[in-house]
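Below is one structure, written out as structure tokens; comments come after it.
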Amino acid sequence: MAAALRIDVVSIFPDYLAPLDLSLVGRARTDGLLDVRVHDLRDFTHDRHRTVDDAPYGGGAGMVMKPEPWAEALGHVVATRDASTPGGPRLVVPGPGGAPFTQARARELAAEPWLAFACGRYEGIDERVYDYAREDLGLPVSVVSLGDYVLCGGEVAVLAIVEAVARLVPGVVGNAESLLEESHEDGLLEYPLYTRPRQWRGRLVPDVLLSGDHAAIAGWRHQQRMTRTAALRPDLLHPSAVDGRVELGVATAGDLPELLTVLHARGRPTSSESLRAGLATGTTWLARRAGRLLGAVRLQEDGGTLRVAAPVLVPDLADDPVADDSLAGQLLQVAERTAVSGIRELVVDDPRPSPGRARTYRRAGYHRRDGRWVRPLVLHEARRDPAAIG
Ligand code: SAM
């Protein structure tokens, strides 16, 4: 049986990648879920000193990795394609100037059949290698940064990226449900965790966790996630920065044609007149990524209740349980953050949700009451001004 994900790593320090034999990744390799192959860049040199670097053109400090060994090494990797990986790999080059590595990016990489990592050292790799990989080898190339700091080489970054990606490959983590509960999966940090004993060194586990009341526990956990995220990572709660990539904003009349199409496609047709009237109230929120519409939610105040229409997502995302959970969760957060004082509960009108959506509601702190999903608002006194959200 072919592995779910093939990973090639090219480095001048192959021993640095030895931890990929351990723990979860090591077991996934033994179980045949991951096919990891590490290559020594120096095996693709032809001089006595196995030289991989040279002085930079234009002067300056440090050395630059020569293009020739890289071209040979990448050519060798591509030439080992087989029936389970007929296309080439995605080339991932760790670099401090790359796109930030996030949980969303880990998911994207985990969906690829084959990843090849190029570990830079010294000042980095001759720029022409990237063009060669794209143009001559036909590989998609992603430069990915672990964070805003400088490491000595790409190996540590590859260890981190491979671990984050591998645990998302189906079968690698035994309990797939647990993956959805992690920090960053829906733009929030995780709630605090406790285990036995109930009392430890004078410290008690919060009562609600011992209550057996699942709705209360879900509500408490959600509140903790919001509070923690607001305190530790307020950038995640900003409407334009949730998940680093999804932008949330109020829909305007210009969004009408796109929204009509999505509502129609999702089996919730509406007339353009009634949608236009709805948009004029400024209570429909959209999620977009790079300008592309992902989903929408409509809110309506009704006394002390904020009524929330079931979040609607564009068809391909609605069919993907992970995307649906993440985006519907983010749209539900809009309701919570825009609720003015005086709102005592949020009510989602979704009598027959899919099992995945029902789980999303529960995780967001809602419980079922008379065919609706209800979430009491405890601490919240937010404002309606979108700029003040977060
Ligand atoms: N001259 C480079 C610059 O200023 O952007 C830094 C080179 S760094 C000393 C050497 C190698 O470490 C890089 O080619 C890259 O592979 C890796 N590296 C350093 N910082 C990284 C980061 N934040 N994320 C991912 N890889 C990093």
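The values are calculated or read from the model by the stated rules, or taken from the named source; none is laboratory data. All values reported here derive from a predicted model rather than from experimental measurement. Here the Cβ is made from the backbone with ideal geometry for all residues, glycine too, and neighbour counts use every protein chain on show. Protein only, heavy atoms only, side chains kept; ligands, DNA and RNA dropped before computing areas. Shrake-Rupley method; radii C 1.70, N 1.55, O 1.52, S 1.80 Å.
These residues, 264, 46, go from largest to smallest accessible area, 1.4 Å probe, as 46, 264. Working from label points 7 Å from Cα in the Cα-to-Cβ sense, the residue 43 to residue 370 distance is 7.0 nm. Largest GNM mean-square fluctuation across 87, 154, 291, computed for the chain with C-alpha springs under 10 Å, falls on 291.
Quick one: accessible area per residue over the chain, 1.4 Å probe, rounded to a whole number of Å²?
Working: 19530 Å² over 390 residues.
For the chain, the solvent-accessible area averages 50 Å² per residue.
Residue separation of residue 349 and residue 2 scaled by 0.36 nm, minus their Cα-Cα distance, works out to 120.5 nm of gained length. Residue 354 contributes an accessible area of around 60 Å² to the protein surface, as traced by a 1.4 Å probe with all chains present.
Taken along the Cα-to-beta-carbon direction at a fixed 7 Å, the label points for residue 228 and residue 277 span 4.5 nm.
Solvent-free Debye calculation, one equal scatterer per alpha-carbon of segment 244-388: log10 I(q)/I(0) at 0.19 Å⁻¹ equals -1.22. Of the residues 151, 139, 22, ranked by 1.4 Å probe accessible area with the largest first, the sequence reads 22, 151, 139.
Can you compute the helix-only [θ] at 222 nm over the chain? Use -39500 (n - 2.57) per DSSP H run of at least 4 residues, normalise by all residues, nearest 500 deg cm²/dmol.
Details: 13 runs with 127 residues, N = 390.
Calculated mean residue ellipticity at 222 nm is -9500 deg cm²/dmol.
Dipole magnitude of segment 204-315 about its Cα centre, charges +1 at Lys/Arg Cβ and -1 at Asp/Glu Cβ only, in debye to the nearest 20?
Roughly 320 debye for segment 204-315.
Under a Gaussian network description of the chain, with springs only between Cα atoms under 10 Å, the residue in 221, 266, 362 that fluctuates furthest is 266. Placing +1 on the Cβ of every Lys and Arg and -1 on the Cβ of every Asp and Glu, with no other charges, gives the chain a dipole of roughly 1620 debye about its Cα centre. Using a probe of 1.4 Å on the protein chains alone, the accessible area found for residue 217 is around 20 Å². Using a Gaussian network model of the chain in which every pair of alpha carbons under 10 angstrom is joined by a spring, one finds that among 329, 304, 58 the greatest mean-square fluctuation is at 58.
Here the contact order of segment 250-390, divided by its residue count and restricted to Cα pairs under 8 Å and six or more residues apart, works out to 19 percent. Taking the charge dipole of the chain about its Cα centre, with +1 at Lys and Arg Cβ atoms and -1 at Asp and Glu Cβ atoms, the residue from 162, 306, 139 reaching farthest to the positive side is 306.
Hey, if we sort 372, 121, 27 by accessible area with the 1.4 Å probe, largest down, what's the order?
Working: 372 90, 121 35, 27 130 Å².
Result, largest first: 27, 372, 121.
Charge dipole (Cα centre; +1 on Lys/Arg Cβ, -1 on Asp/Glu Cβ; no other charges) of segment 12-129 amounts to roughly 240 debye. Please report the antiparallel percentage of DSSP beta bridges with both residues in the chain, rounded to the nearest 5. The answer is about 50 percent antiparallel.
Quick one: grab the alpha carbon gyration tensor of the chain, order the square roots of its eigenvalues as a ≥ b ≥ c, and give me rounded if a/c is under 1.5, else prolate or oblate depending on whether a/b is larger than b/c. It is prolate, given that a/c is not under 1.5 and a/b is the larger ratio. For segment 5-174, the carbon plus sulfur part of the accessible surface works out to 53%, probe radius 1.4 Å.
If amide hydrogens are placed 1.01 Å from N in the peptide plane, which non-local residues have theirs closer than 5 Å to the one on residue 116? Those lying under 5 Å, H to H, from residue 116 are 8, 90, 91, 92. Here the accessible area of segment 244-388 is 52 percent carbon and sulfur, with a 1.4 angstrom probe and all protein chains present.
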